Amino acid sequence: MGAANDREVLIVVDPQRDFCPGGALAVPQGDAIMPVVNRLARDFAHVILTQDWHPRGHASFASSHPGRQPFEEIEMPYGRQTLWPDHCVQGTDGAAFHPGLDIPHVELVIRKGYRGAIDSYSAFRENDHETPTGLAGYLRERGFERVTLCGLATDYCVLYSAIDARAAGFATAVALKACRGIDLDGSLAPALAAMREAGAVMLE
Ligand SMILES: [Zn+2]
């Protein structure tokens, strides 16, 4: 591997059972990305995974708000928050990585969403857009300058990770063939536009 490869990292966002068909918050065809992600990862010397990792009773779960249903929006102290079915609960099978994922050389797993009162879509910052996950500091200390993102879901965790990667000063690309979206109320098209607007390059 040349020096250039040591400046770039692949970040696979939330490739977990609960985000795949049969899971608690399934992204359509979410499982279909796994072989694509595995192949993509072979082109990178450095790979990081993120893992959505909620305590029971997390504030992003509709079940934590009496009378509310999944996919409704509510006002949280940090802004609007979509309510989700219970998903990726710490230590459960649903929170585990999809068994089709096969990337032995993953160097870091960064967990997010573990604070009970705040959700975290982005790999870099929680949904208050302030609380850092520590990933930007890790990438800087490792000397990475360029990140390529893929995973689930294009219009939520990949979207916010791409915007925050740009805000943190990293050259950013999104490998769309290794992503799938939820497209909740038509959220996919504006997500792609927002990532481009932020300066992220969309790779087919
Ligand atoms: Zn979550």
In debye, nearest 20: dipole of region 51-115 around its Cα centre with unit charges on the Cβ of K, R (+) and D, E (-)?
240 debye
Could you give the dipole magnitude of region 24-83 about its Cα centre, charging the beta-carbon of Lys and Arg +1 and that of Asp and Glu -1, in debye to the nearest 20?
140 debye
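Taking a ≥ b ≥ c as the square roots of the Cα gyration tensor eigenvalues, with a/c under 1.5 meaning rounded and otherwise prolate when a/b beats b/c, else oblate, which class fits region 89-204?
On the way: a/c = 1.22, a/b = 1.09, b/c = 1.11.
Because its axes are fairly even, with a/c under 1.5, region 89-204 counts as rounded.
Where Lys and Arg each count +1 and Asp and Glu each count -1, what net charge lies around Gly169 among other residues with Cβ under 9 Å from its Cβ? Kindly include the intermediate steps, with their values, before the conclusion.
On the way: positive: Arg140, Arg166; negative: Glu145.
In short, +1.
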Hey, what do the phi angles of region 88-93 turn into as Karplus ³J(HN,Hα) couplings, whole Hz, using 6.51/-1.76/1.60 and θ = phi - 60°, x for Gly and Pro?
6, 6, 3, x, 8, 4
q = 0.08, 0.15 Å⁻¹: log10 I(q)/I(0) that the Debye formula gives for the chain, counting C-alpha atoms only
-0.24, -0.88
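Per residue and in cubic angstrom, what volume does the convex hull of the Cα atoms of region 45-127 have? Before the final figure, lay out the partial values.
Values: hull volume 8.5 nm³, N = 83.
Convex hull volume per residue, Cα atoms: 103 Å³.
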Would you mind checking which residues have amide H under 5 Å from Phe61's amide H? H placed 1.01 Å from N; only 5 or more apart, or other chain.
Trp84
Applying a 10 Å radius around every beta-carbon, put 193-202, 73-82, 174-183, 159-168 in order of their mean neighbour count, most first.
159-168, 174-183, 193-202, 73-82
Estimated vicinal HN-Hα couplings, Hz - region 94-111 in sequence order (Karplus 6.51, -1.76, 1.60; Gly, Pro = x)
x, 7, 6, 5, 4, x, x, 6, 9, 9, x, 8, 4, 9, 8, 10, 9, 8
If each K or R counts +1 and each D or E counts -1, the residues other than Thr82 whose Cβ falls under 12 Å of its Cβ total -4
Lys/Arg +1, Asp/Glu -1 at C-beta; region 1-142 dipole; positive extreme among Asn5, Pro35, Val47:
Asn5
With the dipole of region 55-204 worked out from charges on the C-beta (+1 for Lys and Arg, -1 for Asp and Glu) around the Cα centre, which of His105, Leu159, Pro66 lies farthest toward the positive end?
His105
Can you say what percent of the DSSP beta bridges in the chain, counting only those with both residues inside, are antiparallel? Round to 5.
20 percent
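Read the figures in this text as sums done on the coordinates, not as results from a lab. Predicted model, so just to flag it, every value in this text is computed and none were measured. For neighbour counting, all protein chains shown are included, and Cβ atoms are generated from backbone atoms with ideal geometry for every residue, glycine included.
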